[in-house]
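Taken together, the values in this text are just the output of simple stated rules run on the coordinates, not laboratory data. What you are looking at is a predicted structure, and each value in this text was computed from that prediction instead of being measured. Here the Cβ is made from the backbone with ideal geometry for all residues, glycine too, and neighbour counts use every protein chain on show.
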Amino acid sequence: MSVVGRVVVSILGLAGVPAAWLLIRQNLAEPWLAVVLFILFETVVALGAMVISVAHQTIRRRLEQVANVVDLALGRRVSRYARHYRRYVLEENAHLNARDLAHTPSHIPELDAVYVDVGLVPGSPSARSGGILPHTPDDGRERRPIHEFLDRKEPTVLAVIGAPGGGKTTLLRHTASRVAKAPKQEQRRRIPVLVALRDFAELISTDRHLDLAGLIREAVGRLAVAEPDGWWEVQLREGNCVVLLDGLDEVARTVDRTAVSEWIERQISKHAANDFVITSRPHGYQTAVIPQATVVQVRPLTTGQIWHFVHTWCLASERLATGKTGPEIDRRASEEAEDLLGQLVSAPALQELAVNPLLLTMMVLVHRERRALPSGRADLYNQVCDVMLWRRMESKKLEVKPSGVVRQRILAALAYEMMLGETRDFPRAEVVAVFDRMLQSIDAEVTAEALLESIVDSSGLLIERERDLFAFTHHTLCEYLASVHIRSQGLVSVLIREIENPWWRETILLYVTDTDASAIVEACLERDSGAALSLAFDCIRNHGQIHRHLRERLDAFRRQAFADDATPEHRLRVARALATGHFRTLVALENGTLVCSEPVPENLYWLFCRDTGILLPDGLHSLSTDTDRPALGMWRGEAERFVAWFNEAAAEESGSRFRIASADEVAAVPKEHFRKLTANAVLSFPEASGSGTAAPERMPFLHQARAIASIEETEAAELLPDAGRLVVGLCLAEAVALGRHLSDARSLDFDQIGDICDRMDLLLSIARVICGSEWNRVNSVLAGRVRRLRELNGRIRVLSVQRDPRIQERVSQLLAGLVDFYGDVDPTDVTNILDPLHLDVADRKPIRSVMMGLALDRALTEVEAAYIGAGSGSGFMPSHDVSAAIVSRFAITLSTAARLGTGHRDLEGLSRLDRGLREARTILKSSVGPSDWAAVAADRLLSTAHPILSRQVRASRPELIRIRTSALVLAAESELLDFPEEAEEFRMVADGASLLEDRLSGRAPLEVLFLARE
């Protein structure tokens, strides 16, 4: 009760005495009653005072509570803490984190000036995706920036998975900065929280009551303005935060990582209105999965992003270094960037590494210091170590104790011990032990602990990845320094022992770049395993120093694989070595896909053909085992089989799978990489359709001029069954007709007799085409008789007046000679021709149509109509020029009947022709009968074309000409028989034969095979 209240109560209590006295004095009440009233009054006053006192305390407490709530709310509302915190976030993340670099630049650019958004794609981590280079295939999913996942109406939980140096931490730092400076109207959740989990793993594991707000206070510390009470709890409760938890994989022990993961799960559930992002390497996340998280993966830099990063870095660095801006500064920065990018293009090994943001940053730093980018990784790492450990410090006149050379020697010893232990992390005690042992051999006034702290602080080569757990910035630096230690200490025996151990492979290759590799190569040859031989070839490929006799021995070993008597096992071992060398030519595209920058070489493809029985490609005529000349002209199905074979051969070394690169992927490869391509190389195969079959290829229609030339060149002995007998039979039919006319001397028609003789002359002219290799034999029989018939025809005109009976006798003798000859060839056909029930020998057309089909018959008839009249009755004998014209006219007529197309057609692979030819042959035989000329000719075409189209044998030019001509004749025949679909199939065969001929001769573009990593 307050003082006033106590005074009032006291007055009321004292007032009861005079009031009671007045009652007695004025006789208003009996004395005893006055006393009772007095007691009652005092009791009421006392009770009232007690009630008022209790109520006052309760009201005061409630008022104090209301005042506190109002005060806190107003305090948080008007407090400057949020503004100071955002400023703190922006300052902490304003510049690139130089502590992550192997070399601290003299001028650190602002993060926003050089930041490249690597992009995210959905996907779970795999066991293969933890390396420096990407292993996840680019399946066409679009890269998305992280801000598209965050600040939605519904909160987001992301697990961002990425390779070492892939840009995960930089992504979070840029995100924190972006959220902190976003206008209020553009951002739902405006409070970024960035926490490195490795710094608080122990606290999280030991303090079961630690909540997210408490962890944030630990991470942020004290700012210039004190935090209003409960400020972080309110922000988390209201869903105002973007919580960025970096490096789940960097929590060292699995048990601690699991505890941290479970803690994160609880905080996500407790503060579900906020966005959460957790980063990790793949292997770390696999043992500590966050169930609520959507997994996305960081993608490697694309070619365009590499270009952008290099240009922005050079520009920012030049402006910082000079303190100036303007066109001249921009020009100098652009020249520096283009110089670096040009050197990257010419060094595929470094181009492969440049897709990693951290390694690219290292390259930019080395190039800026040295104005040159080395051609090999060993040179790069040497320059990085050189600059980091002492050169830059000395250039600033800073004391370096011990010297940079000694520091590198000590780090090399540490790297060697880590390689022996097959570990990437060393605890502080073991690092100090190695340093102490090395320091004992030199005169240096520095302790191992002090040297460790100095190297970590100044060089960036070694980092404290977790508390008291040290690692090299990148494992490749560890491998390089281990090779330096082995070289200086003469420990090549260790490498020889480990030549089949993948852990040591890069160390061995880095070692041989500047050391005699003879002992290693000799050991590889003695082991004679796929991995060992692959390493031996890589030693030569990396310009290792190797004795001449070993080079010759290794070269002989390689050449033996291409000998006829080589064993399949030997060929396969060499193939594995060549395959391993080939997939090391990978370059990264803008979308992150890795494509082999060089096409599959013909020596590797030749080994594939010998191992599988596949035919050699169309462009491989003479194998060159000494060069990496590309294989040319494989069919798509064969290319797919090669990829399967390649994946099996290279699986041991690559740890990845490859596929045929798409046209867009090959087109995106910088043209500087296409060093070994011929002018007519086709850089890709048609894309596969949704059904899984090859998409149509564009194939030109057969031009009529080429068809004519083909017919003129073709020996009809290959085109027509028994061409020699056909010509003799046709001549026999004409002779029989002539004999009939001469049998009745009274009704001689000299013009008709002349036409018959001219037709026989024409047959002899065409016989050169139709009979081919049988021409000499046919000509020896026919030429003399036709000449005698011509002479006889001339004498008929004289003798007819005399009705000389010897005419009949002489004609009979001539006919007998023809019949005898024809009978020697096939007596049955003589019967067929002369059998009046079968054919009317006076009508030559039915005989021809049966013996040579409708198309050839009509072509021959048209030629007769054009040329017979010119020599009618004059003993017509075509000259050589006229004979050639006759043959040309015959070919033109026949090709026209085949109805050739123009332009291009779609062809679903050359192998598709074999199936179409079979179908056309079957339908034709079932329609016209198996003994019809068209059916027989289709059988003959299939027997010739099938082994070629099914890739059982390699085609020759004469075979392809015969196939083309036969297909053209059958196309014309099918059109006349009203089979348009079959005619189209035959035309496609003719087109395909022309394409194959051009491929074999080199006139047509030939495919080369590029591989992409899945």
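Counting every other Cβ atom within 10 Å of each residue's Cβ, Ser518, Ser106, Ser483 order from fewest to most as Ser106, Ser518, Ser483. Normalised by the number of residues in segment 84-300, the average gap of Cα pairs under 8 Å and 6 or more apart makes the relative contact order 33 percent. A cut-off under 13 angstrom between Cβ atoms defines the neighbours of Pro427, and their net charge, with Lys, Arg +1 and Asp, Glu -1, is -1.
Note on segment 433-535: Kirkwood radius taken over Cα pairs, Stokes-Einstein applied at 10 °C and 1.306 mPa s, translational D equal to 102 µm² s⁻¹. In this structure the amide hydrogen of Asp275, modeled in the peptide plane, comes within under 5 Å of the amide hydrogens of Thr156, Cys241, Val243, none closer than 5 places in sequence on its chain. If I stretch the segment between Asp436 and Arg222 completely, what's the gain in nm (0.36 nm per residue apart, minus their alpha carbon distance), one decimal? Gain in length upon complete extension: 73.2 nm.
Normalised by the number of residues in segment 491-559, the mean separation of alpha-carbon contacts (under 8 Å, six or more apart) gives a relative contact order of 35 percent.
Taking other C-beta atoms within 10 Å as the exposure proxy, Asp256, Asp275 rank Asp256, Asp275 from fewest upward. Taking the number of Cβ atoms within 10 Å of each Cβ as an exposure proxy, the fewest-first ranking of Ser454, Ser622, Ser974 is Ser622, Ser454, Ser974.
Quick one: net charge of Ala213's neighbours, Cβ under 11 Å, K/R +1, D/E -1? Summing Lys and Arg as +1 and Asp and Glu as -1 gives -1. Amide H contacts of Glu1014 (H built 1.01 Å from N, in plane; Pro and chain starts excluded): Arg657, Phe658, Arg659 sit under 5 Å, all sequence-distant by 5 or more or on other chains. For the pair Thr861 and Glu919, the difference between a 0.36 nm per residue extended length and the Cα-Cα distance amounts to 17.8 nm.
Annotation: extensible slack from Ser106 through Lys184 equals 24.5 nm (criterion: 0.36 nm per residue apart, minus Cα-Cα distance). Over segment 898-1007, Cα pairs under 8 Å with separation of 6+ residues give a relative contact order of 31 percent. Legend: calculated FRET efficiency, Val446 to His84, from the Cβ-Cβ distance at R0 = 25 Å, rounded to 0.05, equals 0.05. Rounded to two decimals, the Cα-based Rg/Rh of segment 491-559, with Kirkwood Rh, is 0.91. What number comes out for the charge environment of Glu262, summing +1 per Lys or Arg and -1 per Asp or Glu over other residues with Cβ under 12 Å away? Its environment carries a net charge of +1. For segment 355-369 versus segment 924-973, the inter-centroid distance based on Cα atoms is 63 Å.
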